Amino acid sequence: MKSPTQPLILTERFTRAVDYARVLHTEFRKGTQIPYMAHLLGVASLVMGEAGGAIPVTEDMVIAAILHDTAEDHGGQRTLDDVEEKFGSNVARMVEGLSDTLAEDHDKKEGWEARKTAYLARLRAEPEDVLVISAADKLYNAKAILDDLKEIGPAVWDRFKRGPKEQLWYFHSLLEVFEPRLHSRTAGELKRVIDEISYLVATEWPGEQGATQSEKG
């Protein structure tokens, strides 16, 4: 019989984290008019949806989900230090684990392949709390791609630095990290969504599957 876990209770720290992210993230989702906060709240909602499961979900995890892109997209190590000061070292640890770069200048980040390869290598060694949030982040992104793929077709890939070949490589590589360690609804749903994206690309637009963004022009 599974032992009961502590119920997830959100305090004013969660409210402060939402406000911190709201002030920092004034941008919109790539190629849309959707406020970036929709992504952050969506990821936090997926993490909260794992409460009561095999991996205990804490308020720190929910806060880290809200703040997971703060350092990566807005100031690097300087912002991470601020997150640690305001929300504690445990939240900062998770935010760092969820960041594929800590470059202070967003325009001087490492190349896409280098960042993703390094992130995958680090993710294999991260504890389960980081994996839960990362899987939620990737599920939200994958579902958005799938929805847009059904609506506008392969034009969706123009919003990203890389095309379907590279994006699917990244998603499948993430699954190789998640599947052995995460037995959660989020990880299972991520696989289903990625499989559907792969199927659509292979059957509806087979020319897209092997094309890189540079080859597409």
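The values are calculated or read from the model by the stated rules, or taken from the named source; none is laboratory data. Just so you know, these numbers come straight off a predicted model, no measurement behind them. Cβ sites come from the backbone with ideal geometry, for glycine too, and all protein chains shown count toward neighbours.
Do any residues in segment 94-109 that are under 10 Å from THR79 (Cα atoms) have Cβ atoms under 6 Å from those of residues that are polar (S, T, N, Q) and at pLDDT 90 or above, where the two are at least six apart or on different chains, and which pairs are they?
LEU102/GLN77
Looking at ALA38, ALA54, ALA64, which one is of a type in the set (Gly, Ala, Ser), out of contact with any Phe, Trp or Tyr (no Cβ under 7 Å at 6 or more places or on another chain) and free of Cβ contacts under 8 Å to residues at least 24 places away in the same chain?
Selected residue: ALA38, the only one of ALA38, ALA54, ALA64 that is of a type in the set (Gly, Ala, Ser), out of contact with any Phe, Trp or Tyr (no Cβ under 7 Å at 6 or more places or on another chain) and free of Cβ contacts under 8 Å to residues at least 24 places away in the same chain.
What are the residue pairs meeting all of these: first residue in segment 159-182, first residue closer than 12 Å to VAL132 by Cα, second residue in a loop (DSSP other than H, G, I, E, B) and not aromatic (Phe, Trp, Tyr), Cβ atoms under 8 Å, and 6 or more apart or on different chains?
From residues that are closer than 12 Å to VAL132 by Cα, the pairs are VAL177/ARG124; LEU182/ILE55.
Show the residue pairs that are 6+ apart or on different chains and have beta-carbon atoms under 9 Å apart, the first residue being within segment 183-200 and free of Cβ contacts under 8 Å to residues at least 40 places away in the same chain, the second being among the aromatic types (Phe, Trp, Tyr).
LYS191/PHE178; SER198/PHE171
Right, THR101: closer than 15 Å to TYR20 by Cβ and surrounded by 15 or more Cβ atoms within 10 Å (Cβ to Cβ) or not? First the steps, then the outcome.
Details: closer than 15 Å to TYR20 by Cβ: no; surrounded by 15 or more Cβ atoms within 10 Å (Cβ to Cβ): yes.
No; evaluated as a whole, the condition is false for this residue.
In segment 41-58, which residues are within 18 Å of GLU12 (Cα to Cα) and in contact with a Leu (Cβ under 6 Å, 6 or more places away or on another chain)?
Within segment 41-58, VAL57 is the sole residue that qualifies.
Of the residues that make up segment 82-90, is at least one buried (at least 20 other Cβ atoms within 10 Å of the Cβ) and out of contact with any His (no Cβ under 9 Å at 6 or more places or on another chain)?
Yes; the residues of segment 82-90 include at least one that is buried (at least 20 other Cβ atoms within 10 Å of the Cβ) and out of contact with any His (no Cβ under 9 Å at 6 or more places or on another chain).
For the condition closer than 26 Å to VAL47 by Cβ and surrounded by fewer than 19 Cβ atoms within 10 Å (Cβ to Cβ), what is the one hit in ASP137, ASP147, ASP107, ASP158? Don't jump to the end; show me each part of the working.
Numbers: ASP137 fails: surrounded by fewer than 19 Cβ atoms within 10 Å (Cβ to Cβ); ASP107 fails: closer than 26 Å to VAL47 by Cβ; ASP158 fails: closer than 26 Å to VAL47 by Cβ.
Residue meeting the stated conditions: ASP147.
Looking at LYS150, LYS143, which is the one that is in a helix (DSSP H, G or I) and at pLDDT 95 or above? Can you show your working first?
Details: LYS150 fails: at pLDDT 95 or above.
The conditions single out LYS143.
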